[in-house]
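Have a look at the structure below before the remarks.
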């Protein structure tokens, strides 16, 4: 009998280490915090993320305390595809090298590295071809039909675009050469700074410096993705803050394992399961 506690502790330790490895490298959980992916995903949906969908890499953060750390790829399996629903670390707003918000976002992949993305009257085009809207997407009732209406929140800020009429914009691709000048440096400065990890870009009149060296072009070091929420009217996405670098992708959303309607209340003890959206539990995410 005296050996039971030691065995129990041994099995408990093995279980904890196994769970930690599973969470760090393979499967993680995520709660949908906003309406940006409605009606594909609802506020209160709890989903599973396959962190090894695209690659096996070291963790983005230390579990339990959620402290973000640099991650590196171990094995690359495949690349994200258009229409994949991905969870990623928020890259930051324009001008931020390191995001003030240390949060994870979930959006749908629209543009792959090297793609040309354009939105005309709410319809998305990729490389000149019209793409189907997600089956459960919510489109605007108040379509901005006039392409000349400018939304100052739109990325990049020096374009006359709005959320319903956007682009064309080329999604940055690793190895792509960007010609830099005084007119477009504001568009690329944050992205270049992020690739360096600090404010490497400086502008002195018409001279552009990277790492204190004058340059006229820059070769991109990473692949990027253009992402959007399925709720097109209520989603802060690539239209507003830019592109997602490949190393910020945490994984692919695969399944809803629990769904709780935060707007429903259980007034009596026997109403405890009233907010449970049973029809969403174990639903595959497409």
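Report the label-to-label distance for residue 83 and residue 281 in nanometres (one decimal), using points 7 Å from each Cα along the Cα→Cβ vector.
2.9 nm
Using a Förster radius of 25 Å, what is the FRET efficiency between residue 159 and residue 255 based on their Cβ-Cβ separation? Nearest 0.05, please.
0.10
Based on the Cα coordinates of the chain, what is the per residue volume of their convex hull in Å³?
180 Å³
In terms of the Cα gyration tensor, with a ≥ b ≥ c the square roots of its eigenvalues, is the range 121-253 rounded because a/c is under 1.5, prolate because a/b exceeds b/c, or oblate?
Values: a/c = 2.42, a/b = 1.66, b/c = 1.46.
Prolate, since a/c reaches 1.5 and a/b exceeds b/c.
Measure off 7 Å from each Cα along the Cα-to-Cβ vector at residue 102 and residue 140, then give the distance between these two points in nanometres to one decimal.
That separation, rounded to one decimal, is 3.5 nm.
Given points 7 Å out from each Cα along the Cα-Cβ axis, report the residue 183 to residue 233 separation in nanometres with one decimal.
Using points 7 Å along Cα→Cβ, the separation is 3.7 nm.
Sort 37, 236, 228 by Cβ crowding within 10 Å, fewest neighbours at the top.
Ordered from fewest to most neighbouring Cβ atoms within 10 Å, 37, 236, 228 come out as 236, 228, 37.
So what does the Cα-only Debye profile of the range 1-101 read at q = 0.22 Å⁻¹, as log10 I(q)/I(0), no solvent term?
Here the Debye-derived log intensity ratios amount to -1.35.
Just subtract the alpha-carbon distance of residue 262 and residue 68 from 0.36 nm times their residue separation and send over the number in nm, one decimal. Mind dumping the intermediate values first?
On the way: separation 194, 0.36 × 194 = 69.84 nm, distance 2.83 nm.
Gain on stretching residue 262 to residue 68: 67.0 nm.
How do 94-104, 43-53, 215-225, 25-35 rank on mean C-beta neighbours within 10 Å, highest first?
Numbers: 94-104: 13.6, 43-53: 19.7, 215-225: 17.2, 25-35: 15.6.
Peptide ranking by packing, descending: 43-53, 215-225, 25-35, 94-104.
Taking every alpha carbon pair in the range 177-219, what does the distance histogram look like in 5 angstrom bins from 0, in percent?
Per 5 Å bin, starting at 0, the Cα pair percentages come out as 6, 26, 40, 24, 4.
Mean residue ellipticity at 222 nm from the helices of the chain, using -39,500 (n - 2.57) per DSSP H segment of n ≥ 4 over the full residue count, to the nearest 500 deg cm²/dmol? Mind showing how you got there, number by number?
On the way: 3 runs with 38 residues, N = 286.
Only helices count here, giving -4000 deg cm²/dmol.
Give me 170, 284 sorted ascending by neighbouring Cβ count inside 10 Å, so fewest comes first. Show your work: numbers first, answer last.
Numbers: 170 16, 284 8.
Going from least to most buried by this count: 284, 170.
Please find the FRET efficiency linking residue 58 to residue 196, where r is the Cβ-Cβ separation and R0 is fixed at 22 Å, and quote it to the nearest 0.05.
Details: r = 21 Å, r/R0 = 0.94.
Plugging the Cβ-Cβ distance into 1/(1 + (r/R0)^6) gives 0.60.
Would you order 90, 67 from fewest to most other beta-carbon atoms within 10 Å of each residue's own beta-carbon? Working shown, then result.
On the way: 90 17, 67 9.
Exposure proxy ranking, most exposed first: 67, 90.
Throughout, read-outs are computed from the coordinates displayed, never taken from laboratory work. Fair warning: this is a prediction, and the values are worked out from it, not measured in the lab. As a convention, Cβ positions derive from the backbone with ideal geometry for all residues, glycine included, and neighbour counts pool all protein chains shown.
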